[in-house]
Amino acid sequence: MLVEALLIALVTYIAKFFSLSFANIQMRPIILGPLVGLVLGDIEQGVIMGAALEAVFLGVFGVGGSLPSDTEMGAVIGTSFAILMEKDVGTAVALAVPVGLISVFIYQLIKIVWHNAVVSIVDKSIENKNDKAFERIHIIAMVAFGVPYAIISFVSILIGVEPINNLMNNLPQVVNDFLTIASRLLPALGFGLLLKSLWDKEIIPFYFLGFGLAAYLSLDTMGIAIFGTIAAVVYAANYFKKQKLEQKLLFAGNNNSISINESGKQNPKDDFFN
């Protein structure tokens, strides 16, 4: 278990490093799941669990300093425990959701303790116009950010798999059934959260198109994904074409001092306001 714990700690550190480094890339569960499966020797289950957890956390993302749930830690720990215990997606979801919520407190603690501790040092380096010291502190902060998470993952995998496995095996059947149902409902909740933030009258036809393909044509996920991709490409092409046309009209209007009113008629513009 020592090797597995070290590998999971490495995956955790990579995920956290990329989230705060110059790349500023959030490693989503759909990426972390296969990575965890790869290092644990079961990439198929990693892909399956990563996709399921991505659906659960689909509408969860950080805005500014607000982090509703740590999807990276939830995906890594949930997928790792489920694979090591030879459990299904329901177990991965059941572990990932609370881990993601608890990890938010760790995130806030790191921000308060570590990042605030170097503020005075950074301010002093700026006052002294010491660019090298400022860059050095910034790099150290990025490199050190993922260390606490890696340690937590390492300890969790090293000493926590067996107790959690015993707990899951001794759960009443009604609790197992509830976890199975929850693992199927939470992806729908994830899609709902994403749809709420993106909802616009222009996407209503696509929403009902997907519903119709699933409900009346009984297409599987891959079939719906293909039709959805085609619809997205067509929509994006028309959208960019419309944007390009509007930019051309705006450019022509600025050059010729002409404005276009709502009725579509062209009126001369007073050059004084250009």
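Specify the residue that is surrounded by the fewest Cβ atoms within 10 Å (Cβ to Cβ); the eligible residues are those in segment 5-29 that are β-branched (V, I, T) and over 12 Å from G74 (Cα atoms). Explain how you work it out, then say what you get.
Looking only at segment 5-29, we keep the residues that are β-branched (V, I, T), and these are 8, 11-12, 14, 25.
Next cut, over 12 Å from G74 (Cα atoms) only: 8, 11, 14, 25.
Details: I8: 27, V11: 23, I14: 17, I25: 13.
Step by step, filter segment 5-29, then rank; the result is I25.
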Count, please, the residues in segment 213-238 that happen to be modelled with pLDDT of 85 or more and over 20 Å from A55 (Cα atoms). 9
Top-ranked residue of segment 156-191 - restricted to ones that are modelled with pLDDT of 80 or more and in contact with a helix residue (DSSP H, G or I) (Cβ under 8 Å, 6 or more places away or on another chain), ranked as surrounded by the most Cβ atoms within 10 Å (Cβ to Cβ): I157
Among the listed residues S80, S103, identify the single one that is more than 16 Å from the chain's Cα centre (by Cα) and part of a helix (DSSP H, G or I). S80
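Let's see how each residue does on (1) in contact (Cβ under 8 Å) with a residue 12 or more places away in the chain; (2) among the β-branched types (V, I, T); (3) under 23 Å from P34 (Cβ atoms):
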residue: M85; (1), (2), (3): yes, no, yes
residue: V113; (1), (2), (3): no, yes, no
residue: E135; (1), (2), (3): no, no, no
residue: F154; (1), (2), (3): yes, no, yes
residue: I157; (1), (2), (3): yes, yes, yes
residue: N169; (1), (2), (3): no, no, no
residue: V175; (1), (2), (3): no, yes, no
residue: F178; (1), (2), (3): no, no, no
residue: A182; (1), (2), (3): yes, no, no
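Taking segment 240-255, which residues are among the aromatic types (F, W, Y) and at pLDDT 85 or above? I'd like the intermediate steps shown before the answer.
If we filter segment 240-255 for residues that are among the aromatic types (F, W, Y), which is where we start, we get 240, 251.
The one that is among the aromatic types (F, W, Y) and at pLDDT 85 or above: F240.
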Counting only residues that are within 23 Å of the chain's Cα centre (by Cα), of a type in the set (G, A, S) and either farther than 27 Å from Q26 by Cα or part of a helix (DSSP H, G or I) (or both), how many does segment 145-165 have? 3
Within segment 73-94, identify whether any single residue is surrounded by fewer than 21 Cβ atoms within 10 Å (Cβ to Cβ), of a type in the set (V, I, T) and closer than 30 Å to M168 by Cα, and answer yes or no. no
Take the residues in segment 106-144 that are surrounded by 11 or more Cβ atoms within 10 Å (Cβ to Cβ) and not in a helix (DSSP H, G or I); name whichever of them is modelled with the lowest pLDDT. V118
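With part of a helix (DSSP H, G or I), of a type in the set (F, W, Y) and surrounded by 15 or more Cβ atoms within 10 Å (Cβ to Cβ) as the only criterion, which of F227, F206 stands out? I'd like the intermediate steps shown before the answer.
Numbers: F206 fails: surrounded by 15 or more Cβ atoms within 10 Å (Cβ to Cβ).
Just one listed residue meets the conditions, F227.
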Exception for V36 within (1) under 13 Å from G78 (Cβ atoms); (2) of a type in the set (A, V, I, L, M); (3) surrounded by fewer than 19 Cβ atoms within 10 Å (Cβ to Cβ) falls at (3)
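The values are calculated or read from the model by the stated rules, or taken from the named source; none is laboratory data. Since the model is a prediction, treat every value here as computed from it, not as a measurement. Neighbour counts are summed over all protein chains in view; Cβ atoms, including those assigned to glycine, are modelled from backbone coordinates with ideal geometry.
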